[in-house]
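Student: Sending over a structure as structure tokens; questions will come in a sec.
The values are calculated or read from the model by the stated rules, or taken from the named source; none is laboratory data. In this text, all values refer to a predicted model and were calculated from it rather than measured experimentally. Note that each Cβ is placed from the backbone with ideal geometry, even for glycine, and that neighbours are counted across all protein chains shown.
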2 protein chains.
Amino acid sequence: MSLKPVVILSRPSLSQNIGACARAMKNFGLSEMRLIAPQADWLNRDARALSADADDLLEAAKVFKTTEEAFADLQHIYATTARPRDMIKDVVTPKELAPEVNSHLAHGKAVGILMGSEKAGLENEEIALCDKIVTIPLNPEFSSINLAQATILVCYELYQAQTNIKDMPEAWNSDEEPAPREELFGFFSHLESELEKQNYYRCPEKRPTMDRNLRNMFARAKFTSQEVRTLRGVISSLTSSFTPKNKN
Amino acid sequence: MSLKPVVILSRPSLSQNIGACARAMKNFGLSEMRLIAPQADWLNRDARALSADADDLLEAAKVFKTTEEAFADLQHIYATTARPRDMIKDVVTPKELAPEVNSHLAHGKAVGILMGSEKAGLENEEIALCDKIVTIPLNPEFSSINLAQATILVCYELYQAQTNIKDMPEAWNSDEEPAPREELFGFFSHLESELEKQNYYRCPEKRPTMDRNLRNMFARAKFTSQEVRTLRGVISSLTSSFTPKNKN
């Protein structure tokens, strides 16, 4: 029993799209692709090129003549399509789909996601065999979405819902931490004393505001210790008399 | 001022991908594409075929020679890339990105999303000019994602989060806006030219890294236009010969 959802392409008509679907699936950890009556070669050069090293999925793809056969061992099946006009069926978005699917999988159920052909989408007869419809919310004025693009959006949501948020990127991406404040204050003192020497504070009564503005700007950047040292090096360099200056 | 984020492709190398990106953008209501030094024709037959009637975006694409030019009028810029090894920068997922971007847009700010080239991704020099990094959580064993696929995932999340934006608090807590990038770049040039005069770059081969580190530090702080002017005043003051200096 698979613990991952199966992606089922119904009558795909372009090798490139089948390859791109395989890559999209593998990007999000899925591995089983099923093909219903494929209209294109899923193992040719185009398919392999677009799969970009996901050709293991192409080689393992299971091929069926009919929708019924492809669905035979599955327990929950979702049809990815625009909301159909005249069929009464629950509709979920990919975001809503994901926790449902994960719940099914957690209970050991076999889940399939059906994707329609590039040319004709899904037929009502196929949709009727599915439990629910997955509809991607799209720009209503331009809702023609590529097969592999629709596939990756569904795979993406399934993966996001599986992954522990704790494993995701941290907001602060570094082994390094913001410098202890005293280092930042040391930089402020350094900068301000150099500015004082240069007569930057022409109006003494404005100095507190000027200092506050500068400190606020630099505090916001959350510099690391190394960065504070770099900044102090910059100040030292700018104020050194190492080389003659040519000013206008 | 754009009320939608701009998608910026850096050195895209395949016409098909540029076309597929245009389609992905239009699927989720985005319209402005920028190209930095494109390595492929974005108006040829392949590009148009993959855009699937989103060729209006291709025709309207703005082309720039440098990253700096492409960023000039933008205020918040996100670099879409895997977590970089040695750069200190906030990292968000596409899901976390979306409410942030929508909040910026709701407050009239100009937002850009930078996407790397198919071959080489983004260079550290480009990432350093951005505010934050967007990292798509991917299968760690197969994390090579197609450019158009990465683009659609980001566009998708931005679109999904567009509801309720009016209620979002502004992440950027100020009446003032971050300076347009060109002002920050003007500051970089000013600072770097002064440092050069002072022989700060003792080893020429290290200069690119030194500049990148400085730019990264300052880009992170999101200075306002007034703050950039203040910083330039600080540099001018520190490098002036207004008063004699007493050095140890």
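Student: Look at the range A:124-143 and say how many of its residues are exposed (fewer than 15 other Cβ atoms within 10 Å of the Cβ) and within 28 Å of B:Leu50 (Cα to Cα).
Tutor: 4
Student: Looking only at the range A:106-120, count how many residues are modelled with pLDDT under 90 and either more than 14 Å from every other protein chain (Cβ to nearest Cβ) or touching a Phe, Trp or Tyr at 6+ places or on another chain (Cβ under 6 Å) (or both).
Tutor: 6
Student: What number of residues within the range B:191-228 satisfy the criterion of being more than 10 Å from every other protein chain (Cβ to nearest Cβ) and buried (at least 19 other Cβ atoms within 10 Å of the Cβ)?
Tutor: Adding up the residues that qualify gives 1.
Student: Name the single residue that is surrounded by the fewest Cβ atoms within 10 Å (Cβ to Cβ) among those in the range B:23-47 being more than 11 Å from B:Cys155 (Cα to Cα) and touching a Phe, Trp or Tyr at 6+ places or on another chain (Cβ under 9 Å).
Tutor: Among those that are more than 11 Å from B:Cys155 (Cα to Cα) and touching a Phe, Trp or Tyr at 6+ places or on another chain (Cβ under 9 Å), it is B:Ala37.
Student: Quick test for you: out of A:Ile145, A:Ile136, pick the one residue that is closer than 21 Å to B:Leu158 by Cβ, within 14 Å of chain B (Cβ to nearest Cβ), assigned to a loop (DSSP other than H, G, I, E, B) and in contact (Cβ under 8 Å) with a residue 40 or more places away in the chain.
Tutor: Just one listed residue meets the conditions, A:Ile136.
Student: Condition first: assigned to a strand (DSSP E or B) and surrounded by fewer than 19 Cβ atoms within 10 Å (Cβ to Cβ). Now tell me which residues in the range B:56-89 satisfy that.
Tutor: B:Lys62, B:Val63, B:Phe64, listed by residue number.
Student: Any residue at all in the range B:14-30 that's at pLDDT 95 or above, within 20 Å of B:Asp73 (Cα to Cα) and not aromatic (Phe, Trp, Tyr)?
Tutor: The answer is yes, given that some residue of the range B:14-30 is at pLDDT 95 or above, within 20 Å of B:Asp73 (Cα to Cα) and not aromatic (Phe, Trp, Tyr).
Student: Working only within the range A:100-109, note down all residues that are under 24 Å from A:Ala148 (Cβ atoms) and surrounded by fewer than 20 Cβ atoms within 10 Å (Cβ to Cβ).
Tutor: Correct list: A:Glu100, A:Asn102, A:Leu105.
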